[in-house]
Amino acid sequence: MRNENQVLLEVEDDGIGFTPDKLAQLQSELADDSGDIRMESGFGIGNVNKRIRLYYGKQFGVTVKSEYNTGTCVSLLIPAKKDVSYQNGISVTEKE
C-alpha cells in the first residue's frame, strides 16, 4: 500500500530487461493520453493503462522502469477505497 488511499503493486525481475529503444516505445505508449487504442505496438499493457486512467484518473496507472541486462520493474497504482467511485478522475461517493 502506498498510502491509505492508494495501492501500489510492483513486479520486478532480474532478467534481460528492455532495450532502450523498446523501453522508449513502451513508455511513450503509456504516456499517450489520446484515448486511442493502438494495435500496432504489440504491448497490451498500454491498453490496460488507458483503461485504468480513464476509469480512475491520470494519477493512476502503469509505469515501467527497465535497464537492459539488469531487469525490469512494472508498477500498478490504483485507488484503495472500495466505497469511492471515480468518474473522469474525480472521486464520487457511491449512493446507496
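List of remarks:
- Summarising the label geometry, the points placed 7 Å from Cα in the beta-carbon direction at LYS65 and ILE45 lie 1.3 nm from one another.
- Here the gap between ALA80 and ALA24, fully extended at 0.36 nm per residue and compared with their Cα-Cα distance, gives a gain of 17.2 nm.
- Counting heavy atoms of the protein chains alone, LYS58 has an accessible area of about 140 Å² for a 1.4 Å probe.
The values are calculated or read from the model by the stated rules, or taken from the named source; none is laboratory data. Bear in mind that the values here come from a model prediction, so they are computed numbers and not experimental data. Glycine also receives a Cβ, built like all others from the backbone with ideal geometry; neighbour counts cover every protein chain displayed. In case anyone asks, the SASA skips ligands and DNA or RNA and just uses the protein heavy atoms, side chains included. Shrake-Rupley method; radii C 1.70, N 1.55, O 1.52, S 1.80 Å.
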